Amino acid sequence: MSQHSGKRSGKRLADRLALITGASRGIGAAIAKAYAAEGAHVILVARTSGGLEEVDDEIKKMGGSATLVPMDLSDFDAIDDLGGQIFKRWGKLDILVGNAGMLGDLSPVSHIKPEVWQRAYDLNVTANYRLIRSMDALLRQSDAGRAIFLTSGAARNLPAYWALYASTKAALDAIVQVYAKETQKTAINVNLVNPGPTRTAMRAAAFPGEDATQLPSPGHLAETLICLAEPDFNQTGLWVAADVQETAAAPGQDDSVH
């Protein structure tokens, strides 16, 4: 880990400690900057060091602070090691945001490459289970632990040719909603957020002919993700559709790929 300290803004997430995966670009980077602006110290996880450093530069400019963790979330032992390092350094975790994910092949089920299938399940499903497994004890040490995971309408709409991505998000939904029930009598709240159409690299890969300029930037999710992370937010087990433009998506398109 590399520490980059800065002057905290002291707002809605003042002095909270937040772990965000997939934080080097897109939605993850937007969440990181929004949380830092509200006073949280953010632990940023992504594969690309360069992308993390760019996000960190922006956070420092606004007076925030971050710890950068370049790692591949399919290295499950590294997730356990990260939990241990957070415990040694801070003794708790206030906010976990499971954002990292991959689209995988958009093709008939019988044509999906086995190696792509496995990689998508490793990142979209197993890595999030391993994060819960590693971070649960740390979240329980918080006075208001918050676990938030990014899902997709594909898990419910099940469009043709989307078996891989849709099934990983359906599995994630099940895991997270069960975890929410298991933590009902604790100070932990566990929720899912469907971003809706958002201007990201994944969305562009899914719909290459789409006019991305007509989509909202990842920053449109900031308010929803901040509210769910606040210590006084007391709802759990929610599946939140964060984008009001969902109903405007073209017929046949998954309206939630981010």
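Just so it is clear, none of the values below were taken in a lab; they were calculated from the coordinates. Note that the structure is predicted; figures quoted are calculated from it, not measured. All Cβ positions, even for glycine, are placed from backbone atoms using ideal geometry, and neighbour counts span all protein chains on display.
Laid out as a table, the results:
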read-out: Note, ³J(HN,Hα) from phi for region 127-142, Karplus 6.51, -1.76, 1.60, rounded to Hz, x at Gly and Pro; value: 4, 6, 4, 5, 5, 4, 4, 7, 9, 4, 4, 6, 5, 5, 7, 7
read-out: Rounded to 5, percent antiparallel among DSSP beta bridges of region 2-248; value: 10 percent
read-out: FRET efficiency, Gln214 to Ala160 (Cβ-Cβ, R0 25 Å, nearest 0.05); value: 0.55
read-out: Whichever lysines have a C-alpha closer than 30 Å to that of Lys88, once near sequence neighbours (fewer than 8 apart) are set aside; value: Lys7, Lys11, Lys33, Lys60, Lys61, Lys181, Lys185
read-out: Virtual spin-label span in nm between Gln141 and Thr186, 7 Å along Cα→Cβ; value: 1.3 nm
read-out: Positive-end residue of Ala36, Leu68, Ser107, charge dipole of region 2-248 with Cβ unit charges; value: Ala36
read-out: Residues Tyr179, Tyr35, Tyr165, sorted so that the one with the fewest Cβ neighbours within 10 Å comes first; value: Tyr179, Tyr165, Tyr35
